[in-house]
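Here is the structure we will look at, set down as structure tokens.
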Amino acid sequence: MLLLDAIIRFSAVSLLILLTALAFRDARQSKPALFAGLLSLSAAALLLGTPHPELQLPIIAHTVVRFLDIPSVVLAWWFGRSLFEDDFQLGRFEWAVMIVLVIPITLFRLDELGFIAKLPPWLIFLSSGTSIVLMAHLIFVTLNGRHDDMIESRRTVRIYFLLALALATILILISERLFWQQFPIEVNILRAAITLALAFWGTYWMLGFQVEKLSFESAVTENILATETHTIDPRDARLHSDLIEQMEVHHIYTEPGLSITALAAKLNAPEHHLRALINKGLGYRNFSGFINHYRIESIKSAMQDINHARTPILTLAMSVGFNSLAPFNRAFLKQVKQTPTEFRRQHQNTPKKT
């Protein structure tokens with residue numbers, strides 16, 4: 001059992017350290033990479049801090065890794081959301097959740113290391129309950145955003161991520177709740193094995209063998225989205241023309257709750273073809289971003305129209321398909337870099353007649 005624990009645990013730790021190095025290398029260019037690096041580091045600390053008794057680190061190193069693993073659940077939540085939410089930002093809510101979860105786990109670590117007296121049982125339920133809620137929310141976010149996602153490869157990864165997350169969470173929770181008292185060593189090995197599988201998947205995903213390196217040639221790649229130069233596939237010319245007609249002539253974007261399924265049906269086109277056109281041809285990562293672009297441009301024109309000088313902003317938002325003010329304000333600020341009120345105030349002295 002000791003040998004099995006060592007093989008699984010230290011293999012997983014090695015992969016996690018490699019993932020940490022790869023992620024931190026690209027952290028400046030990618031927010032998901034930063035969270036992936038922090039999560040990998042915290043997960044490696046968790047494995048190093050919970051080995052077979054004969055494999056335990058010296059007391060100082062053991063203490064350090066036991067504190068480094070504290071935020072692992074929240075980091076997993078942040079990483080998943082940053083991966084699938086293009087607009088994800090760390091706000092007060094995200095930091096508040098971190099505090100709510102970190103405080104009881106920190107107390108557990110202090111208790112475990114003998115620094116404080118035994119803790120009340122309700123703290124266990126608080127930390128476990130918060131962890132379950134976070135994983136449930138991450139599963140919801142991953143699944144709920146799939147229909148709006150225009151990036152086909154990311155839509156596929158959402159399913160794999162969802163299955164891996166759900167399976168790992170269920171196995172770990174069931175094993176810890178039902179078998180920890182009788183089989184603590186086996187449960188620890190199971191947790192290490194699950195982490196090893198996830199680390200292997202992450203490493204395989206992030207690493208790519210570059211054949212051109214063997215011939216000492218430079219890779220010539222064309223990243224359409226990164227360079228913001230988008231080319232319409234000639235085979236999609238007719239679909240693109242019909243799409244522009246629906247948006248600019250018939251103003252289909254004003255329909256509340258318009259979905260890509262409904263738009264594809266209107267265009268009599270396969271949904272996956274329309275997704276590819278909007279993503280690769282037009283450069284949008286999600287359907288709501290594509291639709292909101294037209295909605296906001298329409299509202300900007302209305303705000304500069306003297307005939308709408310006294311029309312409430314909410315009325316303008318509802319007239320182009322937004323269901324409420326909050327999502328409209330977020331979308332407007334993201335696209336225009338001003339709030340609707342600021343934009344209207346700036347342009348109200350130079351109205352544009354239609």
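Assorted remarks:
- The chymotrypsin sites (Phe, Trp or Tyr not before Pro) of the range 39-116 that DSSP puts in a loop, and whose beta carbon has at most 13 other beta carbons within 10 Å, are Phe115.
- Cα-based helix-to-principal-axis angle, 122-144 vs the chain, degrees rounded to 10: 40 degrees
- Of the trypsin sites (Lys or Arg not before Pro) in the range 310-341, the ones in a loop by DSSP (not H, G, I, E or B) with at most 12 other beta carbons within 10 Å are Arg310, Lys337.
- 0 to 90° range, to nearest 10: angle between helix 59-68 axis and the chain longest Cα axis: 20 degrees
- Placing +1 on the Cβ of every Lys and Arg and -1 on the Cβ of every Asp and Glu, with nothing else charged, gives the range 238-295 a dipole about its Cα centre of roughly 220 debye.
- Legend: calculated FRET efficiency, Arg146 to Ala117, from the Cβ-Cβ distance at R0 = 51 Å, rounded to 0.05, equals 0.60.
- Each Lys and Arg adds +1 at its Cβ and each Asp and Glu adds -1 at its Cβ; summed about the Cα centre, the range 2-210 shows a dipole of about 120 debye.
- Once each of the GluC sites (Glu not before Pro) sitting in a DSSP loop with at most 15 other beta-carbon atoms within 10 Å is removed, the chain keeps 86-216 as its longest stretch.
- Comparing Ser72, Ala136, Ala23 along the charge dipole axis of the range 2-210, the residue lying farthest to the positive side is Ala23, per the Cβ-charge model.
- Asp149 long-range amide H proximity, modeled H, under 5 Å: Phe287
- Pairs of C-alpha atoms in the range 291-351 farther apart than 19 Å represent 18 percent of all such pairs.
- Separation of the range 270-310 from the range 38-99 is 39 Å, based on Cα centroids.
- Only Lys, Arg (+1) and Asp, Glu (-1) charged, at Cβ; the chain dipole about Cα centre in debye: 880 debye
- Inverting the pair-averaged 1/r between distinct Cα atoms of the chain gives 23.9 Å as its Kirkwood hydrodynamic radius.
- Helix 31-49 axis, angle to the chain major axis (alpha carbon atoms, nearest 10°): 10 degrees
- D (Stokes-Einstein, µm²/s), Kirkwood Cα radius, the range 233-347, 0.890 mPa s at 25 °C: 164 µm²/s
FYI, it's all coordinate maths here, none of it is from the lab. The structure presented is a predicted model; accordingly, all values stated were derived computationally and were not measured. Every residue, glycine as well, gets a Cβ built from its backbone with ideal geometry; the counts of neighbours run over all protein chains shown.
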